Amino acid sequence: MATGTELRLARRLDEVGFSDIVQIRNKVMALRAGGATVHALHGGEPYFETPDAIKYAAISALVENQTHYAPSSGIAPLREALAAKVNRKNKIPTQVEHVIATVGGSQALYAAFQAVLDPGDDALVFSPYWTPIGDLVRGAQARPLLVPTTTARRNGIAATLEQFSTPQTRAIYYNTPQNPSGVVFTRAEAEEVAAFARARNLVVIADEAYEDLVYEGEHFSIASLPGMAERTITCFTFSKTYGMTGWRGGYAVAQEPFMTALRKIVLYSTNGVATPVQYAMLAALETPEAAIHAHLEQYRVRRDLLLEGLRAAGLECETPAGAFYAFPNVEKIHRNSRTAAEILLDQAHIATIPGSVFGAQGEGHLRFGYALPVEAIREAVAALKAFLG
Ligand SMILES: Cc1ncc(COP(=O)(O)O)c(C=O)c1O
């Protein structure tokens, strides 16, 4: 009951949810605390530890007293190395002033949506989509317009984007490789999105968190296309490629006027990334491509093992071309994906994420993460087959 004196929350948080995934994590911990063996396929963390060279770089930075304020947008050598990487690997024309270090890819995305969206604006979001994106858009008091990826790929990307657009549309969230579906957009598809963005004067917020995890096809950065670097904010993270989820290292690439906005948001939210972490990020960038590729092949083994198991258990699943998730249809277990996830967790002790948390287009599916030791995947598959068998 509202009274004049009641303490109340800022209204812009009214439509912002709190991760469902956390609730599943809590249930897994409770089951384990009760002595149960749980097959944990609900997560999204690399199977390997942060390499020692990266850890030692942080330790050296601490010992050398790199413990003071750093420039809020990132130390110069890091930004130079990031600009070089983005030019070389992503083919995005980038100067040092187009790069900002962020606290994970999450802060880059938060800043990007805050920089672009006004209250009442709309943002096109290919769906199923990584859950926090809906909250980031709503947190900017804007509205996510869900564009079914499967329909778009079948009927034509531009025509489908057109169908879901409104006069208030300002931005497109473009994630490739995609979480949760593993879809990797082709270069031709990127060109269609780019042409649509240019024609409609839209900003693209590109999320390339899984750029190094592509099994079929190749990763292609939309900002590398003509006329796109100036209208794209590309968000990257160290979490997935380098096994650095807990370090919270990421970066964004953008031109003006967006970079000034990103700088302000980073300055007033965290005043930059922790200084020793920036040295760890710098060391991570020295990882040879061959080492990154070796992890990709390890993931491919895991993907194939899980896919084979899902299909042997009678679940239909598209082959994910990228990232480290499989997204099978589980209507055989239950039409409602929340119920399906509950049944699998309670009765087979297999933890997954219900597809509906990734948007209406995810309903009828479950997300299985396979960034796990091979043995853990074997055991999960055996449990699944025994349960559905
Ligand atoms: C699609 C996508 N984008 C961005 C991120 C951000 O990762 P982080 O904040 O760890 O850098 C994630 C993490 O799961 C993700 O799945």
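Mind running the shape call on the range 91-238? Use the C-alpha gyration tensor, a ≥ b ≥ c as the square roots of the eigenvalues: rounded below 1.5 for a/c, prolate if a/b tops b/c, oblate otherwise.
Numbers: a/c = 1.26, a/b = 1.03, b/c = 1.22.
Verdict is rounded for the range 91-238.
Hey, got the dipole for the chain? About the Cα centre, +1 on K and R Cβ, -1 on D and E Cβ, debye to the nearest 20? Intermediate results must be reported in sequence, preceding the final value.
Values: 35 positive and 39 negative charges, 79 e Å.
That gives the chain a dipole magnitude of about 380 debye.
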Pairwise label distance in nanometres, Arg88 with Thr37, each label 7 Å out on the Cα-Cβ vector: 4.5 nm
Given a cut-off of under 8 Å on Cα pairs at least six residues apart, what relative contact order in percent is computed for the range 68-284? 29 percent
The rounded separation in angstrom of the Cα centers of the range 277-336 and the range 94-168 is 24 Å
Grab the DSSP H runs of the chain that are 4 residues or longer, score each as -39,500 (n - 2.57), total them, divide by all residues and round the 222 nm result to the nearest 500 deg cm²/dmol. -13000 deg cm²/dmol
Would you grab the residues whose amide H sits under 5 Å from the one on Asp207? Only those 5+ places off in sequence or on another chain, please, with H modelled 1.01 Å from N. Tyr174, Asn175, Thr176, Cys235
Here the residues of the range 122-156 lying in the modelled label zone of Gln168, meaning backbone nitrogen under 18 Å from a point 7 Å along Cα-to-Cβ, are 122-126, 134-147
Expected max-MSF residue from Asn87, Asn179, Asn26 in the GNM of the chain (alpha carbon, under 10 Å) is Asn26
How much of the DSSP beta bridge set in the range 68-284 is antiparallel, as a percent to the nearest 5? 30 percent
In a Gaussian network model over the chain where Cα atoms closer than 10 Å are linked, find which of Glu230, Glu308, Glu289 has the largest mean-square fluctuation. Glu289
Using a Cα-Cα cut-off of under 17 Å, which lysines could be cross-linked to Lys85, ignoring same-chain neighbours fewer than 8 residues away? Lys240
Could you work out the local net charge near Glu80, counting Lys and Arg as +1, Asp and Glu as -1, over the other residues with Cβ closer than 14 Å to its Cβ? +1
Among bridges DSSP assigns within the chain, what percent are antiparallel (round to 5)? 40 percent
GNM flexibility winner over the chain from Thr37, Thr234, Thr352 (Cα, springs under 10 Å): Thr37
For the range 247-389, rounded, prolate or oblate, judged on the Cα gyration tensor with a ≥ b ≥ c (square roots of eigenvalues), a/c < 1.5 rounded, else prolate if a/b > b/c? prolate
Residue by residue through the range 310-315, what is 3J(HN,Hα) from phi via Karplus (6.51 cos²θ - 1.76 cosθ + 1.60, θ = phi - 60°)? Round to whole Hz and write x for glycine and proline. 4, 5, 5, 7, x, 9
Measuring from centroid to centroid over Cα atoms, what is the spacing of the range 195-251 and the range 1-71 in Å? 22 Å
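Give me the number: length gained by fully extending Glu15 to Glu64, i.e. 0.36 nm times residue separation minus the C-alpha to C-alpha distance, one decimal in nm. The partial results should precede the final answer.
Numbers: separation 49, 0.36 × 49 = 17.64 nm, distance 4.50 nm.
Full extension from Glu15 to Glu64 adds 13.1 nm.
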So, R0 is 22 Å and r is the distance between the beta-carbons of Glu80 and Asp52; what FRET efficiency does that work out to, to 0.05? 0.35
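Just so you know, all these numbers are worked out from the coordinates, no wet-lab data involved. Everything numeric in this text was worked out from a predicted model, so none of it was measured. All Cβ positions, glycine included, derive from the backbone under ideal geometry; neighbour counts span all protein chains shown.
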